[in-house]
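Structure first, commentary second.
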Amino acid sequence: MNKVPRVNLKQIGAAANVSIATASKILRGKDESSAETRRRVFEAAERLKYRPNLLVKGMQTGRTQTIGVILPAESIYQGAIGRGIHDELIARSYVPIQLWVGHGLSSEAARKLELEQIHRLIDRRVDGVILWPLDSSVPEEHFGELWDRSIPLVTVDRETSSADHVGTDDVVGGQLVAQHLLQMGHKHFLHLAGNPLSSSFNARRRGFVEAIGETGARCDVVEVPSVKQSLELARRILAMNPRPTAIFACQDDVALRVYTAAAEMGIAIGRDVAVVGYGERDYCEDLYPSLSSVRQAPHEVGRSAAKLILELVEKGNSDDAPTKVHMKPELIVRKSSSGV
């Protein structure tokens, strides 16, 4: 295979019979030369297979046109956010550099790795960072590492008090579930709650529990240490006497374990107990009975986060209050909670 030789502006200028400065300006769209001159330069660039050196451009302008993205790639939801970020950045001629902090680490090790990943992006002179924080109590020193260098930051999904943020309005999501189950006539509720260090899970819990509490109905809360452990919790809950008539799971994968426990115990979901999940996974409609769930818009979350980080890159850091974008979710009602 023949290698494509490196081509510079001097060669482009010689081939098009123009100066280096003119060739450079035309290729950057900054020149008002005649149509004929521009045609010669573009044809020479194409013939010689010229590609601009963005590293040099970055040194000249202070912009690398790269955005660091620290986002897990372990779930469909996270993947959809990542695709949204990618699609918007690429459309704006920026390139994402994606890193993440994997599962299975201790809290201390994970926090250390998160900071190391931030340093990797700083060292590569990214123009901004989009971050899925480990949890809502992420050390401010992590953010300070960016802000001290005037690097804008936007968090996704997990909200903190100090950073610009794009995510789902999970309080509204919890409220939608509560309103639906109350309308179905339920009086005894149970919420399988997620990790309390996650702002998303906390918001769902708050919206649901407060909406139920306003009616005076009974609402129990059981925290789920992990999806794997939720099956045993579901067995215990379904064995309760009296058993809750409606269960709201913090995510669809937890609701799926309720289905498994109910099948083992001969309990009919949708008749003996209502179940609602969160996240609108692909399998919700295929379960029997089909699972009611709260639909989010992860691709749009990603696109909005990319739009926001580029706005911050353009205007630079300021002392303005952080921008918070909360996208409204939608409850998809199916047979697991509709009573039909």
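Every number here is computed from the coordinates shown, using simple stated rules; none is lab data. As the structure is a computational prediction, the values presented were derived from the model and not from experiment. Cβ atoms come from the backbone with ideal geometry, glycine included; neighbour counts cover every protein chain shown.
A few comments on the model shown:
- The helix-only estimate of mean residue ellipticity at 222 nm for the chain, built from DSSP H runs of length n ≥ 4 each weighted as -39500 (n - 2.57), is -14000 deg cm²/dmol after division by the residue total.
- Given charges at beta-carbon only (K, R positive; D, E negative), |dipole| of the range 27-129 in Debye: 460 debye
- Gained length - Ser150 relative to Asn17, 0.36 nm times residue gap less alpha-carbon distance: 43.7 nm
- Trypsin sites (Lys or Arg not before Pro) within the range 246-309: DSSP coil, no more than 11 neighbouring Cβ in 10 Å: Arg271
- Where a label projected 7 Å from the Cα of Glu214 along Cα→Cβ would reach, residues of the range 167-192 with amide N under 19 Å: 169-191
- The magnitude of the dipole of the chain, with charges of +1 and -1 set on the Cβ of Lys/Arg and Asp/Glu and taken from the Cα centre, is near 1320 debye.
- Förster radius 41 Å - calculated FRET efficiency between Asp282 and His119, Cβ distance, rounded to 0.05: 0.65
- Residue separation of His103 and Lys187 scaled by 0.36 nm, minus their Cα-Cα distance, works out to 26.5 nm of gained length.
- When the Gaussian network model of the chain links Cα atoms closer than 10 Å, the mean-square fluctuations of Pro52, Pro322, Pro225 top out at Pro52.
- Sites Ser338 and Glu314 - FRET efficiency at Förster radius 51 Å, r taken between beta-carbons, to 0.05: 0.60
- The range 237-248 - phi-based ³J(HN,Hα) in whole Hz, Karplus 6.51/-1.76/1.60, Gly and Pro as x: 5, 6, 8, 5, 9, x, 8, x, 8, 9, 10, 10
- Largest GNM mean-square fluctuation among Ile247, Ile130, Ile122, using the chain with Cα springs under 10 Å: Ile122.
- Per residue, the convex hull spanned by the Cα atoms of the range 9-52 measures out at 57 cubic angstrom.
- In a reduced charge model with +1 at each Lys and Arg Cβ and -1 at each Asp and Glu Cβ, the range 9-52 shows a dipole moment near 180 debye about its Cα centre.
- In this simple spin-label model, placing a label point 7 Å from the Cα along the Cα-to-Cβ direction at both Ser226 and Glu141 gives a separation of 2.8 nm.
- Simple spin-label estimate for Leu197 and Met240 in nanometres, 7 Å along Cα-Cβ: 2.6 nm
- Pairs of Lys residues in the range 175-333 that lie 8 or more places apart, or on two chains, and have C-alpha atoms under 26 angstrom apart add up to 4.
- Percentage, to the nearest whole number, of Cα pairs in the chain over 27 Å apart: 56 percent
- This ranking places Ser293, Ser338 by how few other beta-carbon atoms lie within 10 Å of each, fewest first, which gives Ser338, Ser293.
- Take the Cβ atoms of Glu264 and Phe42, set R0 to 45 Å, and the FRET efficiency comes out at 0.05.
- Largest GNM mean-square fluctuation across Gly185, Gly277, Gly128, computed for the chain with C-alpha springs under 10 Å, falls on Gly185.
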